[in-house]
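Single-structure report; data block below.
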Amino acid sequence: MEWNVAQLERQLSQTSNTRCFLIHGEETLLVEESRDVLRQHFANIGFGDLNRLTVEAGFDWSSFSQSNHTMSLFAERRYVELRIPSGKPGDKGATLIAEFAQAASPDTVLVVICGKLDKKALANKWCGAIREAGV
């Protein structure tokens, strides 16, 4: 399922069980607005533990994996924001994102943020897994 920024806030209230989101685009302002809408929505419904990760050269994917498999010390519900500026998580990252999407916990939300993704990138397994499990 795909939504534009204008639809996002309205649709969130109707899809309370969606736990995976992919935000991508050329317009930085629209990407950040979408992120803000998601972050605020989930904070309002109890996702108080915010975990932000940025994928760059040498990124340790075990930190992403651990953040999704350990209990939170501060909140029962977790909001994980994964920024992938290049839009290319690599093989290990793609596998972990797809696994997360396929077995999404009701207590964890994953928001993946990228720049503009082309059709080839959107056809990757990890994007497909998010599309099937979320928005």
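Here are some notes:
- Filter pass, Leu22 being farther than 18 Å from Glu132 by Cβ and open to solvent by less than 50 Å² (accessible area, probe 1.4 Å): no
- Hey, Thr70 hydroxyl-bearing (Ser, Thr, Tyr), modelled with pLDDT under 90 and surrounded by fewer than 19 Cβ atoms within 10 Å (Cβ to Cβ) or not: yes
- Options Arg52, Arg35; residue that is touching an Asp or Glu at 6+ places or on another chain (Cβ under 8 Å), surrounded by fewer than 18 Cβ atoms within 10 Å (Cβ to Cβ), under 18 Å from Asn4 (Cβ atoms) and basic (Lys, Arg): Arg35
- Annotation note: of Ala43, Ala75, Ala103, the sole residue that is over 14 Å from the mean Cα position of the chain (by Cα), modelled with pLDDT under 90 and surrounded by fewer than 16 Cβ atoms within 10 Å (Cβ to Cβ) is Ala75.
The values are calculated or read from the model by the stated rules, or taken from the named source; none is laboratory data. This one's a predicted model, so the numbers in the text were calculated from it and none came from an experiment. Note that each Cβ is placed from the backbone with ideal geometry, even for glycine, and that neighbours are counted across all protein chains shown. What goes into the accessible areas is simple: the full protein's heavy atoms, side chains included, and nothing from ligands, DNA or RNA. Shrake-Rupley method; radii C 1.70, N 1.55, O 1.52, S 1.80 Å.
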